[in-house]
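Undergrad: Before I ask anything, let me first share the structure, which is written out below as structure tokens.
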Amino acid sequence: MLPTIALIGRPNVGKSTLFNRLIRRQKALTHDLPGVTRDRIYGEVRQSERPFALVDTGGLVLDEDQNFEKEILEQAHEAIQESHAILLVVDGKGGLNPVDEQVARDLRESHKPVLVVVNKVDGYEKEDLASEFHALGLELVPVSAAHGYNVPELLERVSAIIDELGFEYGDEEEEEDRTGLRVAMIGRPNAGKSSMCNAILGERRFIVSDVAGTTRDSVDVTFERQGHRYTFVDTAGLRRKTKISDDLERFSVLRSLKATKQAQIAVLVLDAMEGLTVQDKKLVSILDREKTPFIVAVNKIDLAPKGKLEEIKRYFAEQLRICPHVPVIYTSTMTSAGLGGLLPLAEKIWAECQIRVTTGVLNRTLQDAITRHQPPVIKRRRAKFYYLTQTDIKPPTFVFFVNDPELVKSSYSRYLENQLRKSFGLKMAPMQVYFRSSH
Ligand code: GDP
Ligand code: GDP
């Protein structure tokens with residue numbers, strides 16, 4: 001459990017540059033990968049005295065056409081609700097901007113800890129650039145995300161904020177003993193998340209019911225089922241609905257993302273009758289990109305007209321083809337259809353996430369795969385694979401050592417990934433593959 005820190009700011013101020021600098025490990029690893037998206041939005045900062053989870057809200061943009069002023073205010077609003085502290089990134093070279101002032105005003109009123117990161121201060125001699133930002137009335141730290149200037153100072157200040165918050169880092173194993181498998185129900189309002197939690201809980205008594213996280217209405221519910229312990233994390237839906245304003249009810253991608261990070265498995269609940277909306281699609285692609293283990297529950301199938309269920313299933317299969325490994329179940333909280341399989345499925349995926357494969361088996365699989373289907377010739381050269389190794393679990397992560405990663409195009413990379421999935425029984429979990437040159 002890490003404190004969540006959100007990066008907000010106007011476009012082009014350097015949020016993603018800063019994000020990449022702080023998330024050092026992942027960047028180094030992705031550096032020589034062909035065709036891998038660099039725009040991660042969630043990362044863990046471990047180089048700091050107090051580790052934290054960093055969310056780049058710039059990556060959460062839902063509506064591409066929206067004007068950015070409105071958008072950054074919404075980002076700020078979401079960040080205030082969902083994070084422990086906020087880094088407002090501003091452009092030191094560009095100078096103070098009216099939008100920065102407006103955002104700063106909202107942030108001051110929220111009483112959340114905020115650091116204004118004055119970026120593009122590319123060295124000590126440029127520190128003057130920061131002075132005009134004192135007008136924002138918030139604590140400042142000048143940095144250069146591109147060159148690394150003063151970044152250690154930034155990390156120290158963030159650590160100090162985390163200390164002031166009194167954040168308690170739980171021990172992961174202890175946490176797991178206490179909570180069992182942690183499951184997050186996510187999705188748009190009214191899809192049926194709380195009904196689903198309630199239907200699964202039934203009359204069973206909660207063992208623990210405590211308030212966790214930073215949102216006032218976020219509740220974790222722990223229960224037992226056939227000798228196994230489970231926790232529904234951040235079950236916002238279990239609160240009393242009537243008192244919550246529309247504003248809080250609105251779909252929050254940041255909230256969903258944060259809940260998935262606190263959980264081990266996410267269940268994306270969709271309304272069978274509404275189909276996959278643009279927001280749902282955005283969330284699916286984020287979950288896929290972030291390698292989150294998840295299940296899609298297409299709910300309210302009791303409302304489907306007779307004989308239409310097959311058509312609905314075809315529609316969702318087609319819509320979700322970007323993540324073919326993700327299991328889709330069809331549920332109704334009214335009739336209980338499909339609900340019995342949910343927790344066993346979550347257990348299975350979690351077990352897959354922890355698969356470890358020995359080097360011997362890995363390399364036999366690699367040889368078989370290459371023999372069966374040679375890498376294509378690209379510009380008169382062919383990728384030559386040396387060996388394969390597993391570097392991590394949760395998700396299972398495999399690194400192929402190859403003469404030149406540029407020669408591995410996405411279709412061949414997909415082929416290899418599928419071969420690994422078949423050979424190791426990785427049917428539903430996310431997995432990560434990297435191609436590295438070995439000189
Ligand atoms: P974002 O839209 O806020 O995520 O901004 P980016 O990280 O994409 O950066 C926008 C531009 O600012 C890019 O051209 C970066 O190279 C540049 N930039 C980012 N950080 C620095 C910095 O510390 N110094 C300078 N001079 N340029 C920077
Ligand atoms: P949440 O906002 O995602 O937590 O959604 P709720 O659980 O509050 O459900 C929203 C509405 O959909 C409520 O009126 C529920 O009674 C209804 N609902 C939930 N699940 C089902 C279902 O499987 N079938 C039908 N017909 N209605 C459902």
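The values are calculated or read from the model by the stated rules, or taken from the named source; none is laboratory data. Source: prediction; values computed, not measured. Glycine also receives a Cβ, built like all others from the backbone with ideal geometry; neighbour counts cover every protein chain displayed.
Undergrad: Could we say that R188 is touching a residue at least 24 places away in the same chain (Cβ under 8 Å), under 30 Å from T277 (Cβ atoms), out of contact with any strand residue (DSSP E or B) (no Cβ under 7 Å at 6 or more places or on another chain) and not in a helix (DSSP H, G or I) here? If you could, list the steps in order and put the result at the bottom.
TA: On the way: touching a residue at least 24 places away in the same chain (Cβ under 8 Å): yes; under 30 Å from T277 (Cβ atoms): yes; out of contact with any strand residue (DSSP E or B) (no Cβ under 7 Å at 6 or more places or on another chain): yes; not in a helix (DSSP H, G or I): yes.
Here the answer is yes, as R188 does meet what is asked.
Undergrad: Moving on to the next point. Of all residues in region 301-341, which are in contact with a Leu (Cβ under 9 Å, 6 or more places away or on another chain) and outside any helix (DSSP H, G or I)? Give the steps one after another, and end with the answer.
TA: Step one: of region 301-341, the residues in contact with a Leu (Cβ under 9 Å, 6 or more places away or on another chain) are 301, 315-316, 319-320, 323, 325-334.
Residues satisfying the conditions are L320, C323, H325, V326, P327, V328, I329, Y330, T331, S332, T333, M334.
Undergrad: Being within 16 Å of ligand 1 (Cβ to nearest atom), closer than 25 Å to K258 by Cβ and of a type outside the set (D, E, K, R): is that true of V121 here?
TA: Values: within 16 Å of ligand 1 (Cβ to nearest atom): yes; closer than 25 Å to K258 by Cβ: no; of a type outside the set (D, E, K, R): yes.
Taking the combined requirement at face value, the residue does not satisfy it.
Undergrad: Would it be correct to say that K70 is more than 16 Å from ligand 2 (Cβ to nearest atom), free of Cβ contacts under 8 Å to residues at least 24 places away in the same chain and either under 24 Å from the mean Cα position of the chain (by Cα) or not assigned by the TED database to the domain that holds L18 (or both)?
TA: Values: more than 16 Å from ligand 2 (Cβ to nearest atom): yes; free of Cβ contacts under 8 Å to residues at least 24 places away in the same chain: yes; either under 24 Å from the mean Cα position of the chain (by Cα) or not assigned by the TED database to the domain that holds L18 (or both): yes.
Criteria met by K70.
Undergrad: Mind counting the residues in region 315-359 that are away from ligand 2 (no atom under 16 Å from the Cβ) and either out of contact with any Lys or Arg (no Cβ under 8 Å at 6 or more places or on another chain) or under 28 Å from K282 (Cβ atoms) (or both)?
TA: Of region 315-359, the ones away from ligand 2 (no atom under 16 Å from the Cβ) are 315, 317-327, 343-359.
Among the residues that remain, those that are also either out of contact with any Lys or Arg (no Cβ under 8 Å at 6 or more places or on another chain) or under 28 Å from K282 (Cβ atoms) (or both) are: 315, 317-327, 343-353, 355-359.
So the count comes out to 28.
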